[in-house]
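Below you'll find the structure, written out as structure tokens, and then a few comments.
Just so it is clear, none of the values below were taken in a lab; they were calculated from the coordinates. The structure presented is a predicted model; accordingly, all values stated were derived computationally and were not measured. FYI the Cβ positions are ideal-geometry reconstructions off the backbone, even for glycines, and counts take in every protein chain you see.
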Amino acid sequence: MSKLFFLPIIILFAVFFYACSASTDTRYSKDSEKEVSKTKESEIIAEDDFDIKPFRTKIEIPFESKETKDIPLDLWFGYPEDIPEDQTKKTVVDTIQGYRVQVISTDNLDEANGIRSEIYFKTNEKAIYVIFEPPFYVVRVGDYKNINDAKALSFKLNQMGFAGTKVVNDLINIYK
């Protein structure tokens, strides 16, 4: 009795699922694919027939030639020849205990040199050092006897985007 009772229910479910399923023939017929591809080709042709030639402009850059007969072609042309002596003859007299601002500690020398040049051009600070403390390259800035001056530079560098700067004790150079 129980087998005969479940048989019509199973047949009913099979018919129901078969009727609800979609066939791929009606959904993806070859005729509709041809029509879609033809409309896409016509759209492509309509987009490609634009001609840009009438809209091109000719750019002319004026060139002024200057006579260079009396001007020497030197690498340092235009720089003053009378550089003050205090800038050319700075020599390290002594090293004492002082403070420097540490900007970064990295294992990549190229990154350290890049940070060094970036600090140089942003702050115009001359005393920027890349020191190798195995296994890292450390970029430190300044030669300060006073800790407050070093903290001021650290704050300035933090404001410029060099996060994580800190004041460290280090041997600083004394120039003559």
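Give the residue that is farthest from Asp170 (Cα to Cα), with candidates limited to residues of region 108-133 that are basic (Lys, Arg) and surrounded by 13 or more Cβ atoms within 10 Å (Cβ to Cβ). Write out each step before concluding.
To start, the set of residues in region 108-133 that are basic (Lys, Arg) comprises 116, 122, 126.
Then keep just the ones that are surrounded by 13 or more Cβ atoms within 10 Å (Cβ to Cβ); that gives 116, 122.
Numbers: Arg116: 18, Lys122: 23 Å.
Looking at residues that are basic (Lys, Arg) and surrounded by 13 or more Cβ atoms within 10 Å (Cβ to Cβ), I get Lys122.
Looking only at region 89-107, decide whether some residue is surrounded by fewer than 19 Cβ atoms within 10 Å (Cβ to Cβ), hydroxyl-bearing (Ser, Thr, Tyr) and more than 28 Å from the chain's Cα centre (by Cα).
Yes, the conditions are met somewhere in region 89-107.
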